[in-house]
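Chemist: Let me give you the structure first, and then I'll get to my questions.
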Amino acid sequence: MRVTCRAERGTMRSLQDTTPIGHALMWIAGYILIVNVGDAVSEAIGIASAGTAPLLILYALALIWYLRAGFRARQYGLRRPSAGALRLTAFYLPLLALTLLQYSKGINTELDAQAIALACTLMIGVGFIEELLFRGFLFQAIATKKTVLRAIYICGITFGLGHLVNLMRGYSQADQLIQLTAAVLIGIALGYCVAITHSILPGVLFHILFNISGALTTHDARWDAVLVGAMALVLLPYIVYLHRVLTRMPSSQPAVRRESLRR
């Protein structure tokens, strides 16, 4: 049994080196499967997120164990930001502003203590897992094979498209378009931040706070559309700024070598 487990772990870890993109997509597929299983359990129980939230926390813990056992945590951004790098990202303040912006919709007063606790637990799992899979596994896989700029934009677009899975969870097409636009822009901004800081941890914190603010506030298609427009006004200049920072970083300091920035 131990031999089999070691062989399986060895195979998984070798995938990180031989087919890193396939390795990333495998974990993303596992995440999608876990979410759908959790949603089915939640529906059967009759309590929103009651099945999904604990399953995602377990999946997150499994990912942490997997990386620590293989001494790969730092490789995928589970580390403190590089010295002085947070200042170069403007301390993520434009992204954090988006979190506060969502509260302008108003708190959903229909949520009870149990619903709030489950929503927060769910968003902690989602925030950590999605940042590790998209800005950790997939980002590093593409950056190794292609360039960092391609990794930033491919991961950002893939991250946005990944939210189309919500079509199977009862979201309207209007909601999906809003989610897709916001997710792509946020994904691109977070990609730049990872390239500059070497760390996914600030992005994990933002992602959790942003998702919680969305889960605890009211939803209205028109107001959500207005919010996405406001987010775009914040994010587009921020992305331009981050691009200039990344491409101007001296070759002795950057998160990536200068030649890997070329398209």
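Chemist: Could you work out how much longer the chain between L100 and R80 gets when fully extended? Use 0.36 nm per residue separation minus the Cα distance between them, nm to one decimal.
Modeler: 4.8 nm
Chemist: Filter the chain for me: DSSP H helices, axial length by Cα at least 24 angstrom, mean Kyte-Doolittle hydropathy not below 0.5. List them by residue number.
Modeler: Span-like helices here: 20-45, 52-69, 113-130, 173-197, 221-248.
Chemist: Right, another one. How many nm is it between the label spots at R68 and N36, if each spot is 7 Å from the Cα in line with the beta carbon?
Modeler: The modelled label-to-label distance comes out at 3.1 nm.
Chemist: For a quick check: with amide H placed at 1.01 Å from N, whose amide H comes under 5 Å from T217's, ignoring anything fewer than 5 positions away on the same chain?
Modeler: Close amide H contacts, sequence-distant or interchain: N108.
Chemist: Still on this model: For every helix of n ≥ 4 consecutive DSSP H residues, a contribution of -39,500 (n - 2.57) applies; sum these over the chain, divide by its total residues, and give [θ] at 222 nm rounded to the nearest 500 deg cm²/dmol.
Modeler: Per the formula, -23500 deg cm²/dmol.
Chemist: A further question follows. Based on the alpha carbons, how large is the Rg to Rh ratio for segment 2-261 when Rh follows Kirkwood?
Modeler: Result for segment 2-261 is an Rg/Rh of 0.97.
Chemist: Work out the charge dipole of segment 2-261 with +1 on the Cβ of Lys and Arg and -1 on the Cβ of Asp and Glu about the Cα centre, then indicate which of H23, V228, L180 is farthest towards its positive end.
Modeler: H23
All of the numbers you see were taken from the coordinates with simple rules; none came from a lab. Nothing here was measured: the structure is a model prediction, and the numbers come from that model. Cβ atoms come from the backbone with ideal geometry, glycine included; neighbour counts cover every protein chain shown.
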